[in-house]
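Here is the structure we will look at.
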Amino acid sequence: MRKPTLQDVARAAGVSYATADRVLNARGNVAEKSTRRVLQAIETLGYERDLHAANLSRGRIYHFRFLLPGGDHSFFRALRQAVEAEASLRRIDRIRFSLTEVPTLDSDALARALEELPRDCDAVAVVATETPRISAAIAALSAAHIPVVTLVGDAAADIRAAYVGIDNIIAGRTAGRLMRIAHMARPATDPGLILPIIGAMSARDHRDRLMGAKAVLDGSGQQLLEAVVVDDRHDLMRQRVTAALAKTPAISGIYSIGAGNRGLIDILARISGPRPFVIMHDLTPTTRAGLESGLVDAVIDQKPAQEIALAVDVMKALADGRELPDPARDITPTIYVKDNLPAALPLTAPAPLAAGETP
C-alpha cells in the first residue's frame, strides 16, 4: 500500500494543493475552516511529511558544529576522523560540518569555545566536562534555539538536548566484573588490590565508570585503591602510576578509565615478574598493541564511528523537530581480548576539515 501524498490530503480536504502546502508549512493566509479540514485529512490518512524532499525543494542546507578534544590521543583522533568521514557520507543529505578542536580536559577553554561559538548552526555536538561555566554556555546556546548534543560522557543533563554515547556506569560495572573474574583464583587472605586511573573527576564518563566498577567490586574482597588522576596525559600516567606501584607493590589489577595509555604500556613493558591484570578503554593503536603484546588483558570499546554517525542522526532529528532515535539502544560496548581483535584499519585518514569548512 502506497503512502498518502500531500495531493491526497488536499483532495480529501477539498482544497487546492497550494492551500494544503500552506497549512503544512504554517505559512498562514488560510481560512480557519480550510485549515481544520487539512489537519483532519492529515490525521485521517496518516500522512507523513517527506522532510528530505521538502528540504531539497527549499534548498535547505543543515549546519552542524562539533567541538572535540584535540591533541594526539588516539580515541579523540578517531572521533575527529569519524566526523570527517560523515562529512563525506552526508553530502547527499545537504549537511555541512564544522569541526573545532579544544584542549583535552581544559574546562575553561571548552567553556570559552562554547561561549564564542557563532550562532549560525542547526545543532552542536560536544565532548564536555561538567563545570558551572560549561553548563551556562550550553544553556545560552539552548536559549538561542541551538540544541546541544553531548558525546562520550553526559554533561548538563538537565539542559542539553540529547546524549549520545555508551552507558558509562554499565561500562565501569563490566570492568569491575572482569576484575572479579580475574581474581577468583586468589586466596581469601590475599584477594587483590585494584588501582583505578582516571583522567579527571570533572569528566562525567570517567566518574561514572569509576562508580560502576566500585559498585561491583564492593564486597568482593578486592580493594579498590584511591584513583590516580593523570589528566589523560601519558607523561603524568608514567610518572604517577610508577609512584603508585612503588608505594604499593602488591597491586594486582589496574583499571585505566581514560586516555594516556602509552605511558601505562611503557610501565607494563618494564615489569619483569608477574604483572597486574589490566583493563583499558577504547580500541586504539596503543591499546591494540597492548593486547597483541600480552601487556593488556581486556579493552572496552565504545565504537566512536558509530557514536558520531548516531550523533548526526540525532542532530538532524532535532533540526527537523522529529522524534529522536534512542542512542541507548544502539551503542553497546564491545569487550576485546587478544583473541577477538578485528582487522586493523589503515592509518590513512581523510584530510582534516578546517573550522567552518563546507565539505
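Readers should treat all values here as calculations from the given coordinates under stated rules, not as data from a laboratory. This structure is a prediction, so every number in the text was calculated from the model and none was measured. Glycine also receives a Cβ, built like all others from the backbone with ideal geometry; neighbour counts cover every protein chain displayed.
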Answer check: region 258-311, Cα atoms, Kirkwood Rh, Rg/Rh ratio of 1.06
Sites excluded, GluC sites (Glu not before Pro) in DSSP loops with at most 16 other C-beta within 10 Å, longest stretch of the chain: 117-225
Among Thr189, Thr131, rank each residue by its count of other Cβ atoms within 10 Å, from fewest to most, as a rough exposure measure. Thr189, Thr131
If you take the charge dipole of the chain about its Cα centre, with +1 on Lys and Arg Cβ and -1 on Asp and Glu Cβ, which of Ala10, Leu39, Ile95 is farthest toward its positive end? Ala10
If we count other beta carbons within 10 Å of each Cβ, what is the order of Met237, Met201, fewest first? Met201, Met237
Rg to Rh ratio, region 110-239, alpha-carbon atoms and Kirkwood radius? 1.11
So what's the convex hull volume per residue for the Cα atoms of region 188-228, in Å³? 52
Using only DSSP helix segments of four residues or longer, with each worth -39500 (n - 2.57), what per-residue ellipticity at 222 nm results for the chain after dividing by its residue count and rounding to 500? -13000 deg cm²/dmol
Where Rh is the Kirkwood radius over Cα pairs, Rg/Rh for the chain: 1.09
Scan region 252-300 for trypsin sites (Lys or Arg not before Pro) in coil per DSSP, keeping those whose Cβ has at most 13 other Cβ atoms within 10 Å, and list them by number. Arg270
Please turn the phi angles of region 172-177 into ³J(HN,Hα) values with the Karplus equation 6.51 cos²θ - 1.76 cosθ + 1.60 (θ = phi - 60°), one per residue in order, whole Hz, x for glycine and proline. x, 4, 4, 4, x, 5
Relative exposure of Thr19, Thr332, judged by other C-beta atoms within 10 Å (fewest first): Thr332, Thr19
Report the percentage of all Cα-Cα pairs in region 104-181 whose separation exceeds 17 Å, rounded to a whole percent. 47
Kirkwood Rh over alpha-carbon pairs of region 168-301, then Stokes-Einstein at 25 °C and 0.890 mPa s: what D in µm² s⁻¹, rounded to an integer? 169
Can you give the charge dipole size of region 222-319 about its Cα centre, rounded to the nearest 20 debye, using +1 on the beta carbon of Lys and Arg and -1 on the beta carbon of Asp and Glu? 280
In whole Å, largest first, the alpha carbons of region 6-49 cover along the principal axes 24, 18, 15
Residue-ordered couplings for region 222-231, obtained by feeding phi - 60° into the Karplus form 6.51 cos²θ - 1.76 cosθ + 1.60 and rounding to whole Hz (Gly and Pro as x), are 6, 9, 8, 6, 5, 5, 8, 9, 10, 6
Candidate lysines - alpha carbon under 29 Å from Lys33, same-chain residues fewer than 8 apart omitted: Lys3
Between helix 132-143 and the chain: long-axis angle, C-alpha atoms, 0 to 90°, nearest 10: 20
